[in-house]
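Values quoted throughout were computed directly from the atomic coordinates according to the rules given, and no laboratory measurement underlies them. Everything quoted here is computed from the prediction, not taken from an experiment. A quick note on method: Cβ atoms are made from the backbone with ideal geometry, for glycine too, and the neighbour counts reach across all protein chains shown.
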Amino acid sequence: MTIEKIHADVLIIGMGGAGQLAALNAFDADPSLKILIVCKALKGKGGCTRMVQGGFNAVLNDDDSHEMHLMDTLKGGQYINDQDLAKTLVEQATPTIKEMETLYGCFFDRNPNGTIHQKAFAGQSFDRTVHKGDLTGIEIISRTTEQIMKRRIPVLEEHRALDLLTDAQGRQVVGALLLNMRNGAFVQVQARATLVATGGGPTQYRFHAPGPEKSVDGLGMLYRSGVRMRDMEMVQFHPTGMIIPGSVVAGALLEEGLRGCGAYMLNGNGERFMANYDPARMERTTRDVMSRSSYLEMQAGRACAEGGVHIVAAHLGPEFVEKNFPGMAARCRQFKYDLARGKVPVSPTAHYVMGGAQIDKDCHTTLERLFVAGEDAGGVHGANRLGGNGVCDSCVFGRQAGKSIARFLTAERGAVPHPDAARVAELCARYERPLERSSGERVFVLRDQIRETNWNKVGVTRREQDLSEAIAEFEAIAEACETVSVEGHAAYNMPWQTYIDLLNMIDVSRMVATSAQERKEQRGAHFRIDYPEQNDEQYLFNVTLTRGADGRPAIVRQPVAFVHKSLAECQQYSKRPPKVNK
Amino acid sequence: MATSAHQRRVIQVFRYDPTRGGDGHYDRFEMDVAHPNSTTMLDILIRIQREQDPSVAFRYACRVNMCGSCGMVINGREGLACKTNVCDLPPDRDITLRPLNHFPVVKDLVVDMTPFFKKYEDAMPFFSPRTIEPEPAVIPPDARERQDIGLATECIQCGCCVSSCSMVNYHDGYAGPAALNRAFTLLADSREGRNAERLRAVLQSCYNCRTEFNCTEVCPKELSPTRAIKYIQRLALKHLGELSRPAGMTNATEEPAPPVAVVPFEPVLQHAGCVAGACSVAAAGGLPDDPSRRQFFRRVIMGIGAASALGVGGLLATAAVGPTLTKTPGRWIPISPMDDLAPAQVSTVTMRYEVTSGFHKETVVKPVMICRRADVNNMVVFNTTCTHLGCTVRWDAGKNIYVCACHGGQFDHEGRVIAGPPPRPLDTYRFKVENGCLMVEVV
Ligand SMILES: Cc1cc2nc3c(=O)[nH]c(=O)nc-3n(C[C@H](O)[C@H](O)[C@H](O)COP(=O)(O)OP(=O)(O)OC[C@H]3O[C@@H](n4cnc5c(N)ncnc54)[C@H](O)[C@@H]3O)c2cc1C
Ligand code: SF4
Ligand code: SF4
Ligand code: FES
Ligand code: FES
């Protein structure tokens, strides 16, 4: 088989905030670099950066400080963040958001005096979230996509990366194998530096907030390449994903600001159940506590008829709701729910992966020539991410990666080893196999199964027995995948793409469940029913892993390095009463 | 809450298999929809794929109206599959789904958006700061420029507007509504440094726009490219002199000055008006705030619908109504002596005229169909361009219908769609009779 081969200096996989800022910064550092962006969707259309509603945390006000933003981030992460990364995040957020305006032309919402408006977001000691109405992501991604056009950086759209390619020893990443989704042809890219920025996106759960185009591809690829991963047990659930019977829109978010403004939650019996979980903060509690409480109500048989709990905002006044949450009201209206006057059924929904590849502040990984930025990287957020720190992470570390790659390529002039041709052929054959089988397992059924298993056993709450059962179920699904059959030609074959999605979901599910077994405590987004307390005596470590010889995760605990802030400082800060907004 | 009567629906899906080629066809699917209120076209397609035919291809990413990947033509009108629910479509009719117009089809409902992005890029959609500032510009939210720009930067590049625009097909160089909308947001932005160049790049396109308002009507984000285009036209008139003129540009300015010339570059609300046929003119000058602007446009559009429904018929009587602010300069082209046009018949006549659009001249040679009723004063002049993909429509006297050979489009003698994919009736021309000669207005 002959496959198309492309040579590039820099291969960027993913075109969200991280991928785009990396490309722009690498280009601006050295316009002679041959940069190639590949993305699974159309140019700039895929990914979660575009879906950001809330906004971008950055210190811009003299009364705010990087110190405070850092402490908020560490508190949110329950101390297991990589402090170097967290510090870089908060310090670089300021220039990054300014460049968004001054170099790329974003225009965020303003104060009446013409300076940038910053709004309140949960878990922050200062109102520091920069936003554009409730569609911040569209502004960011549209403007940066145009900057990519301006620099004429080539983009291969509807090309998905399948796997990273390494040298024979598996020490260096030398490019990636791609699939042109439109015609079904494989493409090999050989690159002097590769950035993975596919943006996590936990769509392996029944309810999920990211668009279904995402399927944790980057995390799966990274794992298979042998790179070291960390904190994979940390999956964030957003408390208010809409329940919409029979629709793929299920899981889409109703934003947190609603609860911030006083919306409350009712179980199936019409009770404000938060009184039993967090009477002091009620529905204004943190994302993790809110999600967990709703989930426990649902588990206890107190779900509403639609299978979740209700969010009620009507008492705030229909005009208030329509005026302050126009996007949310419209989203509900499309499905004939009335946010302003009635109640809307919601469920916790898988939102964000805190874990990912272990990186340093210049986005280097444990493999040579491989860089990772954005949601595919782990460590920045520790055990939980603050609202507004996600897109901030992607943009800040995308920018870091771009600059770092340009520096790396200036210093490193050696030739890139060729990808192993036999390995490439083997991969292509393996991916194509389902197209060759005339009968076998149906891929959509298997994908439903993995979503249900993850939801029920590796989801909002976890326990030992469920986790081991889940791992067995993942192995069974993996085995069934070996007999999947997909009809038709390879060109724009959606079931075939779903099959490839599923392979990544399986690898990521393995990592999440195995890491969750390792952490026998509650911390941040991770909740063990069988170990419901946070345990700072024993668990101030990060669960890291690489892919073992048997294909299963091989775990290594790494103690948290309190390099900038001591544990005592963090604990002290956490005891401060939360800032109550409005 | 999201319960509504269960429905059995028939869905006709356009199919095109790239490995086989050909013209494509429609496949018919039937399904029970338990929740018409909460089932989107995207859900329907996902179900077809899972339950009936895994080979159906369509595109989506975000599924919440944010990425613009799922634009298609739904029952003849552009829209997002993830934003159109079953209950929004008449229950007694089949649901028809076909790919966007004016783009090459990759497979079934999936189109190649390259032409869209090419035009978008040509309009210089990228910010190029005047000077690189260390701090974000201080611009109050009620500054005129931000009021003008409003929410126009929220375009999600879905291509619906381009698909709906019949001018895109006439002129290769026409940037189209989405690109012009983006150009407008930069032209109005005081931070931007390359506006003279940008204005030159898009100006010609702005004179191609026929102000049909289709784009504004279909935009799922409720933006108004038409308004953006009018803004650029007025800006150009204000600044043309200041811009250094490239060769050939003189022509453009020597044209009889369009009425827009006298309109000051001020946000003033214009009246909605209407001209004959499907094409309409409406408010272009006013740039009131949101969300009143959105409501305003919705209202204008509804008004237009009503106006054009009434407008069919007594065309002769329909002189331009209201201020002609938004009209590109029209010209009257002689077509044929009235005596040559038999009553109670459809005659096809070739018209020929020169256009100077922007910086260059071209000769247009094009047939028009004149439908003369028995009552001699009652007639309609049809544009022969099929409203689907722009093939030439001809009169089939035997069947008494207009037919398009390309994809089987058929229109009745009034120009109304009776079969095939055309999204709307045949376009008509304004005409008048002078000294016994039929004259048609072209823009
Ligand atoms: C609904 C929603 C709302 C959110 N709101 C906020 C918020 O208000 N504030 C905040 O801070 N964070 C928010 N987040 C989180 C934030 O959006 C993400 O953390 C961040 O945008 C991720 O950026 P990224 O660049 O890493 O990835 P993404 O933006 O997700 O981009 C990933 C890119 O990779 C491509 N890709 C995927 N797989 C492949 C493959 N196999 N091959 C090639 N390309 C591939 C995709 O097409 C896409 O271009 C939200 C997330 C969601 C889902
Ligand atoms: S107003 Fe009409 S002609 Fe002009 S861009 Fe819109 S659809 Fe096209
Ligand atoms: S202007 Fe509207 S219809 Fe056109 S591409 Fe943008 S969002 Fe889509
Ligand atoms: S799938 Fe994104 S707009 Fe419809
Ligand atoms: S061009 Fe398609 S039916 Fe006329």
Self-check item: Hull volume in cubic angstrom per residue (convex hull over the Cα atoms of the stretch A:363-504)
Solution: 177 Å³
Quiz item: What residue among A:His159, A:Gly246, B:Val13 has its Cα farthest toward the positive end of the dipole of the protein assembly as shown, where the charges are +1 on Lys, Arg and -1 on Asp, Glu, each on the Cβ?
Solution: B:Val13
Quiz item: Given Cα pairs under 8 Å that are at least 6 residues apart, what percent is the relative contact order of the stretch B:1-58?
Solution: 35 percent
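Of the listed pairs A:Lys457/B:Lys83; A:Lys119/A:Lys323; A:Lys361/A:Lys457, which have alpha-carbon separations greater than 25 Å here?
Checking Cα-Cα distances, A:Lys457/B:Lys83; A:Lys361/A:Lys457 exceed 25 Å.
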Quiz item: Using only helices, what value at 222 nm comes out for the protein assembly as shown when you add -39,500 (n - 2.57) per DSSP H run of length 4 or more and divide by the total residues, to the nearest 500 deg cm²/dmol?
Solution: -9000 deg cm²/dmol
Practice problem: Distance between Cα centroids, the stretch A:155-228 to the stretch A:410-470: provide it in whole Å. | Solution: 11 Å
Quiz item: Setting aside same-chain residues fewer than 8 positions from B:Lys399, which aspartates and glutamates have a Cα under 17 Å from its Cα?
Solution: B:Asp412, B:Glu414
Quiz item: Under a plain spin-label model, where a point goes 7 Å from the Cα along Cα-to-Cβ, how far apart in nm are B:Ile132 and B:Glu222?
Solution: 4.0 nm
Quiz item: Taking N as the number of residues in the stretch A:7-123, what value does Rg over Cα atoms divided by 2.2 N^0.38 Å take?
Solution: 1.23
Self-check item: Cross-link reach list, lysines versus B:Lys238, counting only Cα pairs under 20 Å and skipping chain neighbours closer than eight places
Solution: B:Lys230, B:Lys327
Exercise. With a cut-off of 15 Å, note down the residues of the stretch B:329-355 whose backbone N falls inside the zone around a label point 7 Å from the Cα of B:Asn400 toward its beta carbon.
Key: B:344-346
Quiz item: For the stretch B:7-111, what is the relative contact order in percent, using Cα pairs closer than 8 Å and at least 6 residues apart in sequence?
Solution: 34 percent
Quiz item: How far apart, in nm, are the 7 Å Cα→Cβ label points at A:Asn535 and B:Glu414?
Solution: 7.9 nm
Self-check item: Rounded to whole Hz, the Karplus (6.51, -1.76, 1.60) HN-Hα couplings of the stretch B:162-178, x for glycine and proline
Solution: 5, 4, 7, 8, 7, 7, 4, 7, 6, 10, 3, x, 6, 5, x, x, 5
Practice problem: Evaluate the distance, in nm, between pseudo-label points positioned 7 Å from the Cα of B:Ala143 and of B:Val364 along their respective Cα→Cβ axes. | Solution: 4.0 nm
Exercise. Please list, or write none, the aspartates and glutamates whose alpha carbon is within less than 20 Å of the alpha carbon of A:Lys5, excluding same-chain residues fewer than 8 places away.
Key: A:Glu157, A:Glu158, A:Asp163, A:Asp167, A:Asp420, A:Glu426, A:Glu432
Quiz item: Kirkwood hydrodynamic radius for the protein assembly as shown: how many Å is it when counted over pairs of different Cα atoms?
Solution: 30.1 Å
Practice problem: Give the share of C-alpha pairs in each 10 angstrom bin for the stretch B:331-442, from 0 to the last occupied bin, in whole percents, shortest bins first. | Solution: 14, 44, 32, 9, 0
Practice problem: Could you please report the charge total around B:Thr96, scoring K, R as +1 and D, E as -1 over all other residues with beta-carbon less than 15 angstrom from its beta-carbon? | Solution: 0
Exercise. Mind giving me the FRET efficiency for A:Ala421 and A:Asp362? R0 is 25 Å, r the Cβ-Cβ distance, nearest 0.05 is fine.
Key: 0.20
Practice problem: Quick one: pull the percentage of alpha-carbon pairs in the stretch B:35-147 with a separation above 23 Å. | Solution: 46 percent
Practice problem: Starting from the exponent 0.38 and prefactor 2.2 Å, build the expected Rg for the stretch B:106-236 from its residue count and divide its actual Cα Rg by it. | Solution: 1.06
Exercise. Against the globular-protein guess of 2.2 N^0.38 Å, express the Cα radius of gyration of chain A as a ratio, rounded to two decimals.
Key: 0.92
Quiz prompt | Sorted largest first, extent of the stretch A:432-538 alpha carbons per principal axis (Å) | solution = 56, 22, 18
Exercise. Could you work out the Kirkwood radius for the stretch A:164-243, taking every pair of different alpha carbons, averaging 1/r and inverting it, reported in Å?
Key: 14.8 Å
